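To start, the structure itself, in structure tokens.
The values are calculated or read from the model by the stated rules, or taken from the named source; none is laboratory data. Treat the numbers as computed from the prediction; the structure is a model and nothing was measured. Cβ coordinates were reconstructed from backbone atoms using ideal geometry, including for glycine residues, and neighbour counts include every protein chain displayed. What goes into the accessible areas is simple: the full protein's heavy atoms, side chains included, and nothing from ligands, DNA or RNA. Shrake-Rupley method; radii C 1.70, N 1.55, O 1.52, S 1.80 Å.
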Amino acid sequence: SFRQSKRPDQVCQNEEGWEPFGGRVERIEGKGHGVVATKKISPGEVVLKEEPLLYSLKSGEQKKRCSYCFISHEDAGAGKLLVCSGCRYARYCCSQHQREDWSHHKIICSSIKRSEKMPLPTMDLLIQAFHLIFLKDEGEDSIRLRDSFASLCTNEQHWTNEEKTSFSQVAGALKPFFSDEMLEKFRFDDMIKTFFRLGSNAFTISDEEIRPVGSGIFLLGSMLNHSCCPNSVQVFEGKTLVVKAVERIDVGEEIEISYVELADPTSRRRAKLFSDYYIQCECHRCLCIPPIRGYSDVEGLKKMDALESNIVALDGQSSEIGRLKNEGKFDVALALCLEGIEHWKRLGKGKSLSCAQLY
């Protein structure tokens, strides 16, 4: 599956798109480029609203959701979803959405008819991206979008031989979906960069209950850097990315989101950030942690993370522990967790449950 968003190595060709939202792309020390506020932004204010350049529903969702707006069949309230007569793959909540999606869907539709196979969702995004890059439409908008996509990071300096071998196998499976014209334009180096560009920048699109339903490439959203103490959060309205401020953002302050689950312990967050995005996180929450009584900083973090496998989120305590951690009161949070362990020992629960949400 594709990873979530990752900052670009260079300035995106579409960076001026941030201006209407009160943002500006700047060089950020130690991060490459990022987005800073050009106006004061209040909590709850929309920081960004963007449609995806490329998008695809995940496995198991194609038959339940509109391929254009990503609304579920139940939520659409319009009876059965309309099925594309050409490929029998895409489904729509109404004929208007089917018409509006045709410029996007015709690429997949023709590929399915050519191969007589159904692509996996991962392949769906790759097919779209290859068409964007290799079929050189010289229109001004096409050139701008192609250049913007090409400016997204690939993290190629971190590629392993195993990852390159894995992509070679995927590339072979994609050939039946492409025309002779496309195959003639293929260069392996461009293909592998496209593959990793998608992997490093794709957002997981979620529904209103935060359940993953698809993936998408958002050119402006991909410019946002990560923080374990983000001042903004990403949500989705259908397939539309909406970034909202969760605290006041002053002029000149960087706008940041989280790439990982914030409830995870520090060690797990940092491990995932490095394995998925090659980031050594240096945010306040990861580095500027006050000492825990009786332990060094490193020992204290290990002690708290070790508790994760021993206790559960007691009723009413999980949110309290999360609040204490966010406020930097790790000593109190640790005491509350130790108290929880003793409680479960007295009940004879031992290690029967996990507290994956405590930290």
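Observations on the model:
- In order through segment 230-243: 3J(HN,Hα) via Karplus (6.51 cos²θ - 1.76 cosθ + 1.60), integer Hz, x for Gly, Pro: x, 9, 9, 9, 9, 9, 10, 10, x, 9, 7, 7, 10, 9
- Over 20 Å between alpha carbons, listed pairs Lys63/Lys175; Lys49/Lys244; Lys63/Lys106; Lys31/Lys58: Lys63/Lys175; Lys31/Lys58
- The phi torsions of segment 197-214, fed into the Karplus equation with coefficients 6.51, -1.76 and 1.60 and a -60° offset, translate into couplings of 5, 5, x, 8, 10, 6, 8, 7, 8, 10, 8, 5, 9, 6, 9, x, 10, x Hz, rounded to whole numbers, with Gly and Pro shown as x.
- The candidates Tyr92, Tyr68, arranged from most to least accessible area with a 1.4 Å probe in the full protein assembly, appear as Tyr68, Tyr92.
- Rounded if a/c under 1.5, otherwise prolate or oblate - segment 85-227, Cα gyration tensor axes: rounded
- Distant-in-sequence amide H partners of Val246 (H built 1.01 Å from N, under 5 Å): Gly44, Ser232, Val233
- Accessible area (Å², 1.4 Å probe, nearest 10) - Lys49: 100 Å²
- In order along segment 105-118, phi translates into HN-Hα couplings of 6, 4, 5, 5, 4, 5, 5, 5, 5, 5, 8, 6, 10, 9 Hz, rounded to whole numbers, per the Karplus curve 6.51 cos²θ - 1.76 cosθ + 1.60 with θ = phi - 60° and x for Gly and Pro.
- The listed peptides 38-44, 232-238, ordered by packing as a protection proxy, come out as 232-238, 38-44 (highest mean of other Cβ atoms within 10 Å first).
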